[in-house]
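Data first, discussion second: the structure below is written as structure tokens.
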Amino acid sequence: QVQLVESGGGLVQPGGSLRLSCAASGTIFSINAMAWYRQAPGKQRELVATITTGGSTNYADSVKGRFTISRDNAKNTVYLQMNSLKPEDTAVYYCNAEIERIRNTGWRDYWGQGTQVTVSS
């Protein structure tokens, strides 16, 4: 079994900051790319940021310059530092990871349960 557990969501005022964490646990041989997605009410889930094993990153245009994705490979953990938050950033944030549980058995996508981020005054 593999679990992704997110933490760090909450209520913040516009212009504020939050840091999300997502730790992968269970039977894990290796983790490839990790990512954060978000889904606002009535909207489709959208990609926020990705990071490779080597640390290369990619961001949605809407969060460039405000959000930073990072990872600690030793801890199987991915982070999302969110600064200058806006009301339109309000959503449930999900982490995603490509995980190979047993060597040479192939990658599979795993998802966290989601954490609510609300930006409001």
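Odds and ends about this structure:
- Dipole magnitude (debye, nearest 20) for segment 42-102, charges at Cβ of Lys, Arg, Asp, Glu: 80
- Per residue solvent-accessible surface (Å²) - the chain, probe of 1.4 Å: 54
- Approximate spin-label separation Asn83-Thr53, in nm, with each point projected 7 Å along Cα-to-Cβ: 3.1
- The fraction of accessible area contributed by carbon and sulfur in the chain is 45 percent, rounded to a whole number (1.4 Å probe; ligands and nucleic acids excluded).
- When its C-alpha radius of gyration is set against 2.2 N^0.38 Å (N residues), the chain gives a value of 1.04.
- Cβ charges +1 (Lys, Arg) and -1 (Asp, Glu), total dipole of the chain, debye: 80
- Most positive-pole-ward Cα, Val117, Thr90, Thr53, against dipole of segment 49-121 from beta carbon charges: Thr53
- Candidates Gly42, Gly54, Gly106: whichever shows maximal mean-square fluctuation once the chain is modelled as a Gaussian network with Cα springs under 10 Å: Gly42
- Annotation: Cα Rg of segment 1-58 relative to the compact-globule expectation 2.2 N^0.38 Å equals 1.34.
- For Ser120, net neighbour charge (Lys/Arg +1, Asp/Glu -1) across residues whose Cβ lies under 13 Å away: -1
- Using the Cβ-Cβ distance between Asp72 and Ser120 with R0 set to 30 Å, the FRET efficiency from 1/(1 + (r/R0)^6) comes to roughly 0.45.
- Heavy-atom SASA rank of Thr57, Thr105 (probe 1.4 Å, accessible area, largest first): Thr105, Thr57
The values are calculated or read from the model by the stated rules, or taken from the named source; none is laboratory data. Predicted model, so just to flag it, every value in this text is computed and none were measured. Don't worry about glycine lacking a Cβ; one is built from the backbone with ideal geometry, like all the others, and counts go over all protein chains shown. Side chains are part of the model used for accessible areas, which takes the heavy atoms of the whole protein and leaves out ligands, DNA and RNA. Shrake-Rupley method; radii C 1.70, N 1.55, O 1.52, S 1.80 Å.
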